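Written below as structure tokens is the structure these notes are about.
The values are calculated or read from the model by the stated rules, or taken from the named source; none is laboratory data. Source: prediction; values computed, not measured. Ideal geometry is used to build each Cβ from the backbone, glycine not excepted, and the neighbour counts take in all protein chains shown.
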Amino acid sequence: MVFVSIDTTIPSVTELRNSARQAKDPAPRRRSELASFLRSRRERLDPEVLGLPTGTRRRTPGLRREEVAQLAGVGVTWYTWLEQGRQINASVQVLEAVARTLKLDQAETEHLYRLADVAAVPAVDNCRRLDPEVQVILDSLRPLPAAVINGRSDVVAWNHSYALLFPFLVNAPKDKRNSLWQCFTAPHCCHPFVNRREDLGRMVANFRARYGRHVGEPAWDEFVKRLCAASPEFAELWAEHGVAEGGVPVKVFRHPALGELSVVVTTLEVAANPGLRMMVYTPNDEDTRERFETLRQDSLPSGHTYPCGHRFDAPPSSELASPLSAGSEKSAHPEV
């Protein structure tokens with residue numbers, strides 16, 4: 001004879017409420033994960049390497065809590081509570097000190113900030129984080145223009161074809177080496193988009209979708225504030241709260257030396273660098289394909305004019321190098 005035991009216990013109302021509350025509020029689980037993460041990072045450090053006495057009374061590996069607090073310049077009680085998963089507020093400055101003390105890399109630091117529920121993840125220099133092979137891939141795509149861009153539309157690396165197509169973008173000061181900034185501050189008469197208003201509206205809507213994942217981060221908020229002040233048109237579109245993901249991949253550019261270019265925009269995620277994407281422009285018609293062959297050259301002839309009559313003089317080739325290129329003196333500024 002087989003006996004089957006069935007648990008018919010009915011959870012109490014209090015248990016059901018607590019379960020529902022925990023499902024809605026992930027903060028307790030996040031604090032618990034933070035506590036475990038901090039302990040694991042502390043225990044992997046070697047006191048001797050950090051110049052601390054090892055002694056014979058250490059019963060656990062790594063540093064003690066009070067040693068981490070001392071090296072980070074924070075209170076022992078405060079750090080203990082943080083590692084115990086208590087509900088306390090952690091400032092950006094304190095978390096930065098803890099991250100330095102625990103020797104966290106960039107991925108671990110970002111993880112620390114998210115677990116601590118602090119939006120302002122420290123700014124990182126993506127160009128220095130990108131593997132050199134990324135530039136090799138960009139260069140191998142020539143004559144197709146290609147660039148690596150972060151979520152805020154900072155252009156962080158590119159090939160020479162892209163530089164010839166958008167010379168004033170890649171040659172801009174590092175705080176303005178941004179496709180949104182350049183598109184909204186370029187004079188209407190010399191703008192590269194043929195369907196200007198439509199393309200700009202789509203760019204802002206796509207940007208707002210990405211912005212939604214970075215609300216409260218100083219770098220993003222400051223960029224929006226600066227661009228609103230520099231471009232009333234951007235401020236107007238931003239106030240509409242349009243949101244979109246992706247969009248029509250075909251764009252038409254007007255280049256003073258190359259003429260009208262119809263391109264298909266293909267976007268590829270750079271998996272090793274979350275938030276970065278590679279954008280590649282491929283010809284959408286035979287005329288554009290033939291004109292792209294010109295982008296194999298080291299430079300484009302100067303002396304061309306825009307339809308409005310303004311003169312086009314491309315910067316010298318030496319000023320168009322990608323920050324990842326060997327010997328480049330360009331400094332990268334972008335942040336995820």
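Under the condition of being touching a residue at least 60 places away in the same chain (Cβ under 8 Å) and assigned to a loop (DSSP other than H, G, I, E, B), which residue from the range 281-303 is farthest from Glu108 (Cα to Cα)?
Leu300
Taking Asp125, is it of a type in the set (D, E, K, R), surrounded by fewer than 18 Cβ atoms within 10 Å (Cβ to Cβ) and at pLDDT 80 or above?
no
Table: residues versus (1) β-branched (Val, Ile, Thr); (2) outside the structural domain of Ser302 (by TED's automatic domain parsing); (3) assigned to a helix (DSSP H, G or I); (4) surrounded by fewer than 19 Cβ atoms within 10 Å (Cβ to Cβ).
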site	(1), (2), (3), (4)
Arg208	no, no, yes, yes
Asp221	no, no, yes, yes
Ala235	no, no, yes, yes
Phe253	no, no, no, no
Glu260	no, no, no, yes
Val264	yes, no, no, yes
Asn273	no, no, no, no
Met279	no, no, no, yes
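Give the range 290-336 a look and list any residue that's modelled with pLDDT of 75 or more, buried (at least 16 other Cβ atoms within 10 Å of the Cβ) and basic (Lys, Arg), or say none.
If the condition is that a residue be modelled with pLDDT of 75 or more, buried (at least 16 other Cβ atoms within 10 Å of the Cβ) and basic (Lys, Arg), then Arg291 is the only one that fits.
To keep it simple, each residue is scored yes or no on (1) part of a loop (DSSP other than H, G, I, E, B); (2) without any contact (Cβ under 8 Å) to a residue 60 or more places away in the chain; (3) not assigned by TED's automatic domain parsing to the domain that holds His304.
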site	(1), (2), (3)
Arg86	yes, yes, yes
Glu110	no, yes, yes
Gln135	no, no, no
Leu138	no, no, no
Pro143	yes, no, no
Gly151	yes, no, no
Ala157	no, no, no
Ser161	no, no, no
Arg197	no, yes, no
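Suppose we keep only residues that are among the β-branched types (Val, Ile, Thr) and at pLDDT below 85 within the range 76-93. Which one would you say is farthest from Pro28 (Cα to Cα)?
If we take residues in the range 76-93 being among the β-branched types (Val, Ile, Thr) and at pLDDT below 85, then Val92 is farthest from Pro28 (Cα to Cα).
Residue under question is Ala147, and the condition is that it be within 24 Å of Ser318 (Cα to Cα), outside any loop (DSSP other than H, G, I, E, B) and either under 16 Å from the mean Cα position of the chain (by Cα) or not basic (Lys, Arg) (or both); does it hold?
yes
Take the range 227-256 and flag every residue that is under 19 Å from Lys176 (Cα atoms) and either without any contact (Cβ under 8 Å) to a residue 12 or more places away in the chain or touching a Lys or Arg at 6+ places or on another chain (Cβ under 6 Å) (or both).
If the condition is that a residue be under 19 Å from Lys176 (Cα atoms) and either without any contact (Cβ under 8 Å) to a residue 12 or more places away in the chain or touching a Lys or Arg at 6+ places or on another chain (Cβ under 6 Å) (or both), then Cys228, Ala229, Pro232, Ala235 are the ones that fit.
If I ask for residues that are part of a loop (DSSP other than H, G, I, E, B) and over 17 Å from Val155 (Cβ atoms), which ones from the range 178-195 would you list?
Pro187, His191, Val194, Asn195 - these are the residues of the range 178-195 that are part of a loop (DSSP other than H, G, I, E, B) and over 17 Å from Val155 (Cβ atoms).
Counting only residues that are out of contact with any Lys or Arg (no Cβ under 8 Å at 6 or more places or on another chain) and in contact (Cβ under 8 Å) with a residue 12 or more places away in the chain, which one in the range 163-173 is farthest from Ala229 (Cα to Cα)?
This residue is Leu164.
Restricting the search to the range 223-233, which residues are within 30 Å of Gly259 (Cα to Cα) and in a helix (DSSP H, G or I)?
Leu227, Ala230, Pro232, Glu233 - these are the residues of the range 223-233 that are within 30 Å of Gly259 (Cα to Cα) and in a helix (DSSP H, G or I).
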